[in-house]
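Asks: Supplied in structure tokens, the structure appears directly below.
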Amino acid sequence: MTTQELIQVPSGLKGVAVAETELGAVRGSEGFYHYREYNAAELARRASVSDVWHLLVEGSLPTTEQAARFERQIGDHRAVGIKPAIIDAVAAATSVPHLGLMALLPLVAPDGIPTIDLSPRERREAATRLAAAVPTLLAATHRRRLGLDVIAPDPTLGHAADWLRMVLGYEIDPAKARMVETYLTATIDHGFNASTFATRVVTSTGADAAAALCAGIGALSGPLHGGAPSLALSMIEEIGDPGNTDAWVRAKLDAGQKIMGFGHAVYRADDPRSLLMREVAEGHGGPLVERAVEIEARILAVMRSWKPDAVIVTNVEYYAGIVLHLAGLTPDLFTSTFTVSRAIGWSAHLIEQADNNKILRPSARYVGAPPAS
Ligand code: COA
């Protein structure tokens, strides 16, 4: 195909379907997303992380017996055999646990067998084992960075509760643990977002499962994707009194800066995850939540008058930061917490991509100086 024959797609691949999936989708104009045939926000209100994990990887919600077995299997997979000295070295070398994770995850299965050489059952096993190891590695790196002891996983606990116990060092109140579980369950998967796409691109080359998940981790770490929840919370702190909102937001927009926690590439109606997180935050209540609700309304009003033709909505990250903060997690752990849940979604996409693979290899239109013939 010559340069002239290339199919030109919109900037950012917006609205372009580049793969088929049975895992779920986002209907931006309806403000709706689903995991397989289930309304995802509804599922997040009642289901556990491992129930949704089972739904994505095994194809159905588990029966009570399957749920107990699957949760235990995930719990067993949280145990990783990486030497403490290696974790210490990574913890000493980075102040960002989810970036350190890219060094550690490939060591969980150090043989690096290409997914293309594994049977479907082996691929499922490798992807699940790696996704389950994510909270253990993040918690260990975080704690060693602070000079604290590493807390070993407890396979009898659910994935959300064990993440909190391993990272915070204590068992948190069940109501707060449920707030985090709702967040994790709501953020496992979300259409063909940048990190899911990145995971599928690397999977499509036949690379080993850890390499594919590391691509997802890298993509998620960017502020325009998963790196924003702490920025949204610090924005609320910086604004302080809701009366300061208009001037604060206008100054940022005039300087060409982004307002974190607002806008979405796909939603043209309310982001259901944002509504869910707001519901969870309001269920907890308190002065911070009240202030956030007031500031949100003011930010939306400014942004809508700034770009009257665009539909700018509150995204998941605005209230997510508040929910995670109320549950006792510090801002440096917000993106790590997102990584714990989204790694499950990536692992399901990895399996789906590898089970029916075609290498993802687009083209770019050359717009530089003409080459010498
Ligand atoms: N702050 C400033 N400008 C914003 C904005 C925000 N939060 N959200 C959207 N816009 C701007 C876009 O840059 C775009 O401007 P343009 O017409 O000059 O290109 C316009 O509003 C319309 O944007 P839209 O097409 O609806 O979204 P997008 O795909 O360009 O951007 C994001 C989507 C997520 C990258 C963008 O909203 C953003 O940067 N948000 C802040 C970061 C964030 O909260 N990320 C978490 C996402 S879950």
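Asks: Could you give the longest part of the chain that holds none of the trypsin sites (Lys or Arg not before Pro) found in DSSP loops with at most 10 neighbouring Cβ atoms within 10 Å?
Replies: 15-357
Asks: Can you give the FRET efficiency for Val96 and Asp149, using 1/(1 + (r/R0)^6), R0 = 25 Å, r = Cβ-Cβ distance, to the nearest 0.05?
Replies: E between Val96 and Asp149, to the nearest 0.05, is 0.75.
Asks: With loop defined by DSSP as not H, G, I, E or B, and exposure as at most 12 other Cβ atoms within 10 Å, which is the longest segment of the chain clear of exposed chymotrypsin sites (Phe, Trp or Tyr not before Pro)?
Replies: Excluding the exposed sites themselves, the longest stretch runs over 171-365.
Asks: Sequence neighbours fewer than 8 away in the same chain don't count; with that in mind, list the aspartates and glutamates whose C-alpha is under 14 Å from Lys358.
Replies: Result set, ordered by chain and number: Glu20.
Asks: I need the shape label for region 306-355. Rule: rounded when a/c is under 1.5, else prolate if a/b > b/c, else oblate, with a, b, c from the alpha carbon gyration tensor.
Replies: Taking the square roots of the gyration eigenvalues as a ≥ b ≥ c, region 306-355 is oblate.
Asks: Taking the Cα-to-Cβ direction at Ser234 and at Ser11 and moving 7 Å from each Cα, how far apart do the two end points lie in nm?
Replies: Reported label-point gap for Ser234 and Ser11 is 2.7 nm.
Asks: For the chain, list the DSSP H helices whose alpha carbon atoms reach 30 Å or more along the long axis and whose average Kyte-Doolittle value is 0.0 or above?
Replies: Membrane-span-like by this criterion, though nothing is claimed about a membrane: 334-355.
Asks: Shifting gears a bit: Computed over the Cα atoms of region 38-147, what is the ratio Rg over Rh, Rh following Kirkwood?
Replies: 1.03
Asks: Based on the alpha-carbon gyration tensor of region 94-141, what equivalent-ellipsoid semi-axes (square roots of 5 times the eigenvalues) come out, in whole Å, largest first?
Replies: Output for region 94-141: semi-axes of 23, 11, 7 Å.
Asks: Further question on the same structure: For the chain, state what percent of all Cα-Cα pairs lands in each successive 20 Å bin, counting from 0 Å until the bin that includes the largest distance.
Replies: 28, 57, 14, 0
Asks: Here is a further query. Return the Cα extents of region 1-56 along principal axes one, two and three, sorted largest first, each rounded to a whole Å.
Replies: 52, 24, 15
Asks: Quick one: divide the alpha-carbon radius of gyration of region 88-245 by 2.2 N^0.38 Å and tell me what you get.
Replies: 1.15
Asks: Normalise the Debye intensity by I(0) for region 222-360, one equal point scatterer per Cα, no solvent, then take log10 at q = 0.09, 0.12, 0.19 Å⁻¹ and round to two decimals.
Replies: -0.30, -0.52, -1.13
Asks: Further, regarding this structure: Using alpha carbons only, what's the Rg to Rh ratio of region 53-102 with Rh from Kirkwood?
Replies: Ratio of gyration radius to Kirkwood radius: 1.20.
Asks: Can you give me the P(r) profile for region 276-323? Cα pairs, bins 10 angstrom wide beginning at 0, each as a whole percent.
Replies: 26, 49, 22, 3
Laboratory data are not the source of any read-out in this text; all were calculated from the coordinates shown. Fair warning: this is a prediction, and the values are worked out from it, not measured in the lab. Neighbour counts are summed over all protein chains in view; Cβ atoms, including those assigned to glycine, are modelled from backbone coordinates with ideal geometry.
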